[in-house]
Each structure stands twice: as C-alpha cells, then as structure tokens.
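The values are calculated or read from the model by the stated rules, or taken from the named source; none is laboratory data. These figures come from a predicted structure and were not determined experimentally. Note that each Cβ is placed from the backbone with ideal geometry, even for glycine, and that neighbours are counted across all protein chains shown.
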Amino acid sequence: MAESKIFYPSSLGELLRIYGDYPQASLWAGGTAIAREQGGRHRFTLPEIIIHLSQVTELQRISRTERYFELGAGVPINKILKVGKHVLPKVFTHALHHIGHPAVRNLAGLGGNLCHAPRRLNTFGPLTILDAKVELRRAGKSRWLPVARLFNRTGELQLAEGEILSRVRIPFESWNMQFFQKIGDPFLKPKTSLTFSAISDVRKAEITDFRIAFSFIGKSMLRDRELETLISGKRVPLSEKVRSEARELFRASLMELPGEVTLFQKQRALRLLQWYLSALHDPQRD
Amino acid sequence: MDDNFPFVDKYKTDGMFHVQIVRAEIPRGRIESWDTSKLPEEVLFFSAEDLPGKNELSLLSETMPLLAAKEVNYQGEPLFLLASKSSESLEEAKKKIRIDYETDFSLLAFEPSSSDQVIDRVSLVRGSEERNYGSGTQIIEAQYRTSSETHIGRAPLGAFTYWENERLVVHTPSHWPYHVRGSVADVLKISPSKVKVIQSNPSPAYGEKVFYPSLVSAMAALVTLKTGSPARLLLSPEEVERFTTKKAPVEVNRTSVIDENGTILAEDVHLRFNVGAYPMFTRELLIRAAISSGNFYHIPNINITVEAIRTSAPPMNLYRGLGVAQSLFATEVHSSRLAEFSQLNPGDWKIEHASKRRIITGSEIKKMPLPELLKQVLEKSDFYRKHSAYELTRKRRSSIKTSRSTLRGIGVSSGFTGNGFTEKPTGDFNWGISAVLDSKDRLSIECGTLNIPRAIQDIWKRKAAEILGISTDSVEIIDGDTDSLPDSGPMMLGMPVSVYTSLVERCCTYIRKQRFHKPLPIRVHRNIPAARKNVWNRESLEGLPYQSLSWGAVVTEVELDPLTLMPEVRGVWASFDCGLIYDTSYAVSIAEAGIYEALAWSMGEERGSPRYYQDYSLENPETLYLRLPPVSVHFLNQSRGVPGGINEIAESLVPASFITAMSQAAGVYFDRIPLTPELIHGYLEEQT
Amino acid sequence: MRLHFILNGRYVDVTTQPSTRLVDLLHDQLDIESLHPACYGGECGNCAIIFNGDLVYSCLIPAFAAQDASIYTYEGIVKSAGYADIQRGFQEENSFPCRYCLASKVVITQSILENNQDPDRQEIMEVLSGTYCSCTNLNKMTKGIIKAAYHRRRSSYGRK
C-alpha cells in the first residue's frame, strides 16, 4: 500500500491553495474522532492525501467583538475553555467540557467536532440553538452558514469542493437558563448515548425565547420548532395543559425519528424534556 | 523504574524474528486446506506439522492445542505462525494466506446447550433431597445471570527466546515459569533441563499470565528452534483482550422452600458456567463455585450442582477468582430476597445465619468474624434507618414513571473467599518454597515466581525475622530463574499471601530447630502439603476447603436517576477480615481498587472506566467532573491470623449489594450483572 | 516518511510509516519503554506524553502529526529537577502506582503541575478520569498529586 502524501501548510492561503489542487484530500486537525473510530487497531488506516492543519495560524485564532465570539476551527477544546469559560454561553462550554477527558480535549478541535460526518457530536446541538454560524472558505471565496444548515436532511456535510470550515461565530445573546446534558459515549455506546441542549430566556415570568435540541445515535438530531413556538411566550411556571400539549407534540416528533433510535432513548428524551419544562422559572424572581 | 524487572516488550535484538499468530476466522469447523504460495520469501510459515513434539499444552489434566491441526473450536484459535525479521511485513503477509474451511455453521452455544456439552459437574448435597413439604411453605424461584468481563491495561504478554550455550532461554511474564519450561520442552521435544525461563514483569494481570505465557513461549521457541535465531512474539492488546482470560458467564437457578417464619427448609441450586472452547482449571472452578453457592447459610437440606459447559467461545474461566464472584453474586442477591420473608431485615438475618459459625462444607469456624463485620458495616452505613426509610418510600410509590421522589436503595452482602487451591494436584507437582540461612545470619527466600507484592514480601520478612530472631534487613527474597528457583506453582488464588507465607514460616521453623545443630548454611525446601482427609475431603466436599479464608461484609447505597435511569452509587462501606496485615494503607488501597472494579462490572462500564455525574440544576449545573463514590474500608483482626487475599473478597461482594440496593430503589427484582439503564428500562416496562 | 521532532530535549530524526501510531513509534523505534499501548483508543492513559506542552495520549496521534513537535515522556521527566517533587508527593501519601502505571501517572502529574501549581481535587480527578488503573484508587492518587504540588510550590519559592 502506497504511503499517504502529507501536506503541512502554515497559512490559510497555502492551505486553500493545496486543497484547491487536491480537493479529494482529507483535512486533519486533532484527528481524535478518527482515532477513536479506528480505535483498537495497531495502525491507522489513512487517506491517500492528508492536509495537516495544526500549523495553520489563522485556524488557531480566538477573537471577540461586542456582538460575537469567533473561534478558529483548529483551536483545541481545552484552549477554548481556558480562554472563554466565563464568557461563552454555558450550554456551549458544558458541551465542550463533556468532550472526552482533558487529554483528548488538548488535541480535539472545534471544527472536527462539528464536522464529524458519521454522528452529531457534542457541539452541534448547542451551536445550532445558539444560532451560531460557520465560515466556509475556499480559494478566493468565503461564505457564512448557520450551523443548523451544516448538514442536510440526510446528514450529509454541506461543504463544497475545496471548502473548509475556518471559523465559528457565536453571538452574544442573553439566555438566563441554559442546560446541557450528555449521557454515554457516542463512540463506545452509540445506541444509548444522547445529548440534550436547552436555552431559554425568561423575563418577568414570561418565556421570551425557548430552544432545545437532542442528538441521538448516528446522525439523528431533533429540534422541534413547533414545540419551541408553543412554549415561547408562555408564562412560568408552565401550566399542566401547556406541558401536556408539549409532551404530545414532542412525542410525535420522537416517533418520526429513524428506527435506530430505540424506544428507551425516546422515553429518556421525553423525560428530560418534561423535567426541563417543569424546572423553567424566572431566575430574577426566585 | 526498576530495570531489573522489565516488561517483555523491552527485549529485542538485531536479527531476531518477529512472530505473529494467524488465527481462525470461523468459530467452528475444520481446516480443509491452506495456500501460502503468495507469501514473500522472507516470511517463514509454520503449522502444526512443524512441531517436533506434542501439539498441546496442558494445565493439570486439561489440554489445549498449540496450533489447530484440523479442528477449529473458536474464532481466533491459533492456526499457524508467521515469522519475519521485519515486523512490518507480517501484517501484510497474513492477508496473503488463503485458508479454506469446512463448516456446517453449527455452534456450541450456551443457551441452549446440549447435555454432551457438559464437560464436568460437581455436586454438593446435604440433608434430604425430598422436597415434599406441607402447606404453610412457600417456594421462591429465581434465575441469576452474569456476563463475561475482561480488562484492558494488562502488562504486555509475549515471549522472547534465543539460544545460549546450547540451551533455550525464554523471557516471558509468566506467573508460573516452570509451566513454561515444561510446555516448551514438550512442544519442542527437548529435555526441560535444556530450557531456562526468566520471568519478566507480569503485572497487572487478570489470570492470563498463568497459562498464556506458556503458549506464546512455545510458539516463539519453535521459531528459534527452526531458525537458530532469537524470536519474539508479542500479543497485541486486542489479542489479549479477545483471546485470553475472561470472567466466565454463569446462569444460576435457585429454588428455595421456606416456612411461614421465613426459615429456609431446603434449596436447590443449579449453576451453569460457560467455559468456552478449552476449559482450564475446571474442577477447581466448579468446587469453588459450589462452596460460594452455599456460603455460610444454615440450610439443612441443600442440593448444589455446578456444571461447566463447553461452547464455541474463546477460552474463559482462568480469570482472577475462578467463578467465585459470579456464584457469590447469585447467592447474596437470593439470600437478601429470602430475608424479606423473615421478620428480620437482611442485615440481621445474615447475622443470625453467621452466628451458627459454619460454612456450607460443614466446617466449624471457631472465630467466626462475620457477625462483627456485618454489625460494623450496618452501623457505619446507617443501614437500618435507611433501609426502612427506602422500603417505606418504595411501598408508597405507585410507579417509578410518575415518581417525583428520589429513588434510593441500600443493600448488604457478606461471605468469604478462599485462599489457595482446594486440592494440591497429585503427580509431579511439588510446589514449594526454599530458604537458606548463611553463616552471617542472612536468610534468602527462594520463590518460583517473582513479582511478589511489596506488602506480602514485608509479611514474609517480618515472619522470618520473628522466628529466627534476626532483623528484617537480613532477609532477602531473591531474584532468579528456573535454574535457581524452585517450582512454587501458579501464582493465583491468594497463593502468595496465604500458602507461600505458611511455607516461609515452616522453612524458618525448621531452620530455627536445626540452626545450632547443623553447620551453616542450612538450606530447606517445603512443599505445599496435600490436605489431610480428616480436614478436607474433596470428593464429598466436606471440611475446610482452603488454606485460609478471607471474610467480608459490604453495604452499598444507590440512587436511581428517574430521568435517565442511570444508577449513581452514593457510598460503599466494607469491612474485611483478611488475617494479618502489616501495611493497612496498602491493604485499603487494594480493597478500594477491587471495589471500584466490581462497581464498574456491575454497571456495565466499559472496561472499568470511571463515571461522570451531573446534578440537575438550571441555576448552576455542576461542572462536569469525575465523582467517585465514597468508599469506606475497614479491616478487623489485622494483627492476627493467617494473611489472606483482599482483592477477591472485595470484588466478589460488591455486585450483590449493588443489585439489591438497585432493586429496592427501582421496586423491581434485578437479577443480572451488568445492570445498565437500558436493562432497567426493560425490567420496568415488563413490570407495567 | 522522514520525521524530525524533539524528544526529551533531544533532536530526533526517524523514518517510519505515517500511519504508525506515535506510541508505537516512540516505543518500538525510539526505545521509550515507559509507554504501554493497551487500548489504542485514548481510554486508558498508559501512553500519556506531553506533546507541545499539553498532555495527550500518543495512541491517538499518527506519526505524521509529530513533525516538528516537542515531546516529553517519563524518561525525560525523571531527569528533570521537578521530578523530586512528584516522587516525594507520591511517597508521602503512599500512593505509589505499580510499575506499569507509574510512568503515565508521573507524566500526568507533571502536566498538571505545569499548568497549575495549586490544583484542586476536582481538576485532578478530571484529568485522572481519562485513565484506567487497577493498582491504586483515584482518591489516593489525587492526594499524591496534591502533595506533589505542595512540594513543587515550595521548590519554586526556594524552600526544601
């Protein structure tokens, strides 16, 4: 078997140039997700052409304005936590904190976590509901895409040929209730792992905004807009009637998930939602 | 790092052959033919036909082929060896071998299994087999199951072999170097005196270092014999995990007859162990399981049958503990259930039984520590109050699904494990320890297995110093190999701490008696004696089966998350009597490690990895971090008695206490290990 | 491919397959015996190294990713002045891991202390959560690291 061809660009321009010449190349940053997928084997099975991203300075940048935080796609997770733990939304930092353990987080990058094709990993749910955007660059072009549209309905990554994810932009918005829960390990026990991301804004006992997202096995992701619309505008504590209606809506959405999401997982998701709805309150009053 | 006791992967030399095993791809069938025509020239190929001597390794009376000649009995069974001076070329070379199999696709399954899969059976019968009781009695039937368990993080397993002065030298991490010597000699058809085995570091290990070093050593030695060059075979971590020892899964059926007061009148217990394709130490496993199935309970009429079922799974059952953890799990969960029918809570019920001071084999335990151990853990854990409170909550709760209250439970288990084998094998097995006192009053202790834990070495040194009136600094446990050290048998089942310790004492006692009568140096060797028939009868299973017993009582408290159905352990309280302990801190450490491993097995954690917990709070969701359950360990009577093993008793008692606690929390009788959230969900659905 | 990087302060030039795991490259070709690949999945921690200043598991890194990196292993740490703090901390808390685990625990401790000379229990436990150990429990290990940190602080202030 021929040895893989490896490139080590040191700038974004160089990276895009190489990627333009070799659009079939695989981009490799921390590589932790790939390494875990190939766990147990003595040797890696590598793509034919690899572009190693760790030396690309633009991908390692963190910047901030009044309105948003921008993270380079190659910044290791632990570095993001170090720099942004008290500034970034809690739902996002908790998701980061749930990625593996510290030795993995020193290698893993945000871009890899977001773009991992076989499954929706930790950061996808939180960034979706935070209305985060990603910058997609290729030689001579760039565009911004909401994270929610990074994958299509069938779970395919929406990057054009020669395009890379260079930055993630997270808006500063006010959410006074944020929650992230991860159960299980999506690599070791995919069937029983899930993540639950939730953000709400409650002002003067009124829910001004409400967003939730669940991820399950593989590419299965659930964000129920109808449910979000139902709850937004309601007053806390939610009445039993509203909670019952929310349960039924959500149950219907759960039933539409593919068969690989087990009944057990669906019931778990429902219970987590029920807890969250019953826990909603006005933090300023209580 | 101590360079005197390296791991086997340290050994290499220029010009050596790397050796790899070609394994069967089917679980059962026959090898029809093979084609090696596409192998590169530099890669050597060996089959069973190349073996000059026996194509089998034996462990006492049980055997396993080195390389399958025709019959394939499990997927992964070694078929051939490849050797090359370049390790890189071997992986590719494996793909170039074509093997044709013949198979009817049948398997030897565990469930269901046929009667001819039963390869051995042990029965322990006491009292009457009559079960015709009058009205007023109840029959409680239950079935318990455990899955297999394996571990990563074991010391490298392999062998490095070469010729030196017309003798074959083998470096391997064996817990029984003399078994390696004998196996290599048999396979190569050379005299054992032509083989020298030097032990490399075998620790950590879970039982695989007793037998598998002999297998890989014989394979590497074959290549050295054929090529004249050094050879090294290292099993990959995946091979060690998949194809060496695992905890043997078990299915246990228990049927108990109790009277209106909850007194057990009779019990029938049937255990079936899945021992894989090539069982090892089977009889020892069955006897130990039978004894643990009776434990210390006073049951006037009991019939325990334990069977070993051969299947098409890779070999199991040489795993640490040999079946005791699995059978104690079933015994203790069942006994907690039976306790409900008495007027006592489970703790007091067990104390009552323990106060009879007997174990199932009839042996009287004069200084029975169990009542005191139980009282200690019950008090420290506040068991009585919590158990009543959780019972009340459980009874008032209509359904776990609608429950808003915390789901908590607490469980207790107790019992003993044995140190040493239940029988010293007959034949050419003179397992023992040697000692030499020289003219400067320095004592050297010679044990056939190195890697004796520091704490146990400390016990030997102190005992020797005490008996001979010398300082501990004058006592040395010496290094060596099969040329210089005696055969002490396999290092397992608490042998070093109990059996070898008593041999050290006997050696020193002899030396003390002879010291001023005979010239120095005085050398002595003492073998493990066979049990006297009036002490232990292995046929009828009567008497005291082990060299010594380690006792324990464990309480576990749990909370069940009603949203995710994930268990959380709130605390473990354990009290043990493992005889003499000098280093309490080390002993506590060993016990705690055993407890955490047992919890990991009970909860189906991947390979014992730790857990994360998170509180449900929107205001301040607790930052994710590892939260290990608090564990409290105490030792009783540590200044006296025969020292005994600690890890096994700690590991064996936790699962039952965890499961009974979970049963109380969920209001459902759980009966299997591991207990995962998905399984809990299944049980709850069944209940509704 | 040809790789060059700094290993324990020394420049290293080695030829290997890019798909070789860094743990195997270090262990097999560069005689770093302290590493014990066991899981090849980033779970057990027996291949822990300090890679460009950060604690990582070398089984997760393909050889090609080590180009121009700076790598420290147990062999390098034991030669450093700070090792005495770690040794002392472990000994005083009687938390000496077995020979198999010792190297990885030393590397982990060193990386914790490089980031924070006053780590709290939570931080330590979180790092240790990525290890698998059968010889000593994590509570004891944590105490050993806290004690090592104490000695490291004292050394930094010039006290013995």
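When you scan the range A:118-129, do you find a residue that is buried (at least 24 other Cβ atoms within 10 Å of the Cβ) and of a type in the set (S, T, N, Q), even just one? Yes, some residue in the range A:118-129 is buried (at least 24 other Cβ atoms within 10 Å of the Cβ) and of a type in the set (S, T, N, Q). The selection criterion, being over 15 Å from the mean Cα position of the chain (by Cα), modelled with pLDDT under 95, closer than 27 Å to A:Val56 by Cβ and not aliphatic (A, V, I, L, M), holds for C:Gln17. Among residues of the range B:500-548 being of a type in the set (Phe, Trp, Tyr) and assigned to a helix (DSSP H, G or I), the one that is surrounded by the fewest Cβ atoms within 10 Å (Cβ to Cβ) is B:Tyr510. Only one of C:Ile49, C:Ile86 is among the aliphatic types (A, V, I, L, M), crowded, with 24+ Cβ neighbours inside 10 Å, in a helix (DSSP H, G or I) and touching a residue at least 40 places away in the same chain (Cβ under 8 Å); which? None of the other options fit; the residue is C:Ile86.
From the list C:Ile112, C:Ile49, C:Ile61, the one residue that fits, being at pLDDT 95 or above, over 19 Å from C:Leu25 (Cα atoms), of a type in the set (A, V, I, L, M, F, W, C) and out of contact with any Gly (no Cβ under 6 Å at 6 or more places or on another chain), is C:Ile112. Condition check: under 35 Å from the mean Cα position of the chain (by Cα) and under 30 Å from B:Arg145 (Cβ atoms). Does B:Leu107 satisfy that? Answer is yes for this residue.
Across the range B:284-311, the number of residues qualifying as in contact with a Lys or Arg (Cβ under 9 Å, 6 or more places away or on another chain) and either part of a helix (DSSP H, G or I) or within 15 Å of B:Ile119 (Cβ to Cβ) (or both) comes to 9.
Give the number of residues within the range B:640-657 that are among the charged types (D, E, K, R) and outside any helix (DSSP H, G or I). Counting residues in the range B:640-657 that are among the charged types (D, E, K, R) and outside any helix (DSSP H, G or I) gives 1. Checking each residue in the range B:178-200 for being buried (at least 24 other Cβ atoms within 10 Å of the Cβ) and among the polar types (S, T, N, Q) picks out B:Ser183, B:Gln199, B:Ser200. When the residues of the range A:180-223 are filtered to those that are farther than 27 Å from B:Pro567 by Cα and either small (Gly, Ala, Ser) or in the same structural domain as A:Ala132 (by TED's automatic domain parsing) (or both), the one that is farthest from the chain's Cα centre (by Cα) is A:Ala205. Scanning the range B:360-375 for residues that are buried (at least 20 other Cβ atoms within 10 Å of the Cβ) and touching a Gly at 6+ places or on another chain (Cβ under 7 Å) gives B:Ile360, B:Thr361, B:Leu373, B:Leu374. Residue check: C:Leu60 meets all listed conditions (1) crowded, with 24+ Cβ neighbours inside 10 Å; (2) more than 8 Å from every other protein chain (Cβ to nearest Cβ) but one, namely (2).
Of all residues in the range A:94-142, which are within 14 Å of chain C (Cβ to nearest Cβ) and without any contact (Cβ under 8 Å) to a residue 40 or more places away in the chain? Scanning the range A:94-142 gives A:Leu96, A:His97, A:Ile99, A:His101, A:Pro102, A:Ala103, A:Arg105, A:Asn106.
Selection over the range B:332-358 of residues that are among the β-branched types (Val, Ile, Thr) and crowded, with 24+ Cβ neighbours inside 10 Å gives a count of 1.
Scanning the range A:37-53 for residues that are surrounded by fewer than 21 Cβ atoms within 10 Å (Cβ to Cβ) and touching a residue at least 12 places away in the same chain (Cβ under 8 Å) returns A:Glu37, A:Gly39, A:Pro47, A:Glu48, A:Ile49. More than 14 Å from chain C (Cβ to nearest Cβ) and surrounded by 24 or more Cβ atoms within 10 Å (Cβ to Cβ): is that true of B:Leu222 in this structure? The answer is yes for B:Leu222. Among the residues making up the range A:166-188, those that are hydrophobic (A, V, I, L, M, F, W, C) and away from every other protein chain (no Cβ under 14 Å) are A:Val168, A:Ile170, A:Phe172. Scanning the range C:13-41 for residues that are of a type in the set (Asp, Glu) and touching a strand residue (DSSP E or B) at 6+ places or on another chain (Cβ under 9 Å) returns C:Asp13, C:Asp24, C:Asp28. Within the range A:271-286, the residues that satisfy the criterion of being within 18 Å of A:Asp209 (Cβ to Cβ) and either assigned to a loop (DSSP other than H, G, I, E, B) or more than 26 Å from the chain's Cα centre (by Cα) (or both) are A:Leu280, A:His281, A:Asp282, A:Pro283, A:Gln284, A:Arg285. In the set A:Gly100, A:Gly31, A:Gly20, A:Gly40, only one residue is outside the structural domain of A:Thr195 (by TED's automatic domain parsing), on the phi > 0 side of the Ramachandran plot and more than 20 Å from the chain's Cα centre (by Cα); that residue is A:Gly40. The residues of the range A:221-245 that are under 21 Å from A:Thr262 (Cα atoms) and crowded, with 18+ Cβ neighbours inside 10 Å, listed by number, are A:Met221, A:Leu222, A:Asp224. Cβ-Cβ distances below 7 Å connect the following pairs, each with a first residue in the range B:660-688 that is facing chain A (nearest Cβ under 10 Å) and in a loop (DSSP other than H, G, I, E, B), a second residue that is crowded, with 17+ Cβ neighbours inside 10 Å and modelled with pLDDT under 95, and a separation of six or more residues or different chains: B:Thr676/B:Gly604.
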